[in-house]
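**Student:** Please see the structure below; I have some questions.
Nothing in this text is a laboratory measurement; each read-out follows from the coordinates by a stated rule. What you see is a predicted model; the values in this text were computed from it and never measured. Here Cβ is always computed from backbone atoms with ideal geometry, including for glycine, and neighbour counts include all displayed protein chains.
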Amino acid sequence: MKKIIFISIIGVLALILGVFFLFFNTYTISGKVVDLVNKEAVEGIEVSFEKIISITNKEGVFQLKNIKKYQSGVIKIKVPTGYEELTPITLRGNVQNIEISPSLKTMVTRLNYAIRNGQHDYLWDYMHPDDQAYWESKEKYSTVFKKIKNIKAEAGLVETAKLEIGENIRKLDTWTHEITEKKYINVMEVPMEAKINGNDNGIQLQYYQKIDGIWRYFTESNKETLQKIINAYEK
């Protein structure tokens, strides 16, 4: 009888300890939020699991503390303006990096800033892969545009149009590249209002396609035409 009672007590204690471990043992999930394009940390992002909330610091790091062992669910990320919505992440161990993707307008703004400032290396990195093949290499691409910039400067054409995103961005189910004549699907057409010294200078159309979560642009310049200008100038 005593043996039975002893075994029963052990069983009850084991059950109590199991319940205690399940309901009161907690752990922490940590991770980092980065920009998918430039891989830089993003500060001030709200990351949450149920009522547990963490805000990313300057290094993009967050910590969700005191998660119960028995809890399940998803981690939600409240993305800031300029980024695309992110699907909630199923709860698991350490999350590692969470990559948030810049929106189309954000990428257009970044790329047009690079255009205005002659940042050809940056432009090359986010050019559509097919257009990179068209230009052959970053070095050739950069060399052509540096020469064109010098020609414009010597001709007194130093003012570069400031481009602002216009209205009526359209999704094109099919689109043919005017330069390479290749056909594409699901391409975004973005009208850009060109302004010089505050004056309107017409509308330019730019085209983008998303590849691996990143909006990449199609080149607007014909390398043969630009090379003819360079050859004529160098003669």
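**Student:** Please work out the Cα center distance from region 176-235 to region 104-125, rounded to the nearest Å.
**Tutor:** Between the Cα centres of region 176-235 and region 104-125 lies a distance of 12 Å.
**Student:** Amide H neighbours of Lys210 under 5 Å, at least 5 residues apart or on other chains, H built in the peptide plane: list them.
**Tutor:** Arg216
**Student:** Right, next: Kindly state, to the nearest 0.05, the FRET efficiency for Lys51 paired with Ile89, given R0 = 25 Å and r defined as their beta-carbon distance.
**Tutor:** Between Lys51 and Ile89 the formula returns 0.90.
**Student:** In addition: Just tell me which aspartates and glutamates come within less than 16 Å, Cα to Cα, of Lys195; anything on the same chain fewer than 8 places away is out.
**Tutor:** Here the aspartates and glutamates satisfying the reach criterion relative to Lys195 are Glu159, Glu164, Glu167.
**Student:** Where a Cα-Cα gap under 16 Å defines reach, which lysines qualify for Lys228, not counting those fewer than 8 residues away within the same chain?
**Tutor:** Reachable lysines: Lys140, Lys146, Lys147, Lys149, Lys152.
**Student:** Go through region 180-191 residue by residue and turn each phi into a ³J(HN,Hα) via Karplus (6.51, -1.76, 1.60, θ = phi - 60°); whole Hz please, and just put x for glycine and proline.
**Tutor:** My calculation for region 180-191 gives 8, 6, 7, 9, 9, 10, 6, 9, 9, 9, 10, x Hz in order.
**Student:** Going by the alpha-carbon gyration tensor, a ≥ b ≥ c the square roots of its eigenvalues, is region 26-100 rounded (a/c under 1.5) or, if a/c is not under 1.5, prolate (a/b greater than b/c) versus oblate?
**Tutor:** prolate
**Student:** Under the classification rounded if a/c is under 1.5, otherwise prolate if a/b is larger than b/c and oblate if not, where does region 104-234 fall, given a ≥ b ≥ c as square roots of the Cα gyration tensor eigenvalues?
**Tutor:** It comes out oblate by the Cα gyration axes.
**Student:** Separate question: Averaging the inverse of every distinct alpha carbon separation and then flipping it gives the Kirkwood radius. What is it for region 48-148, in angstrom units?
**Tutor:** 17.0
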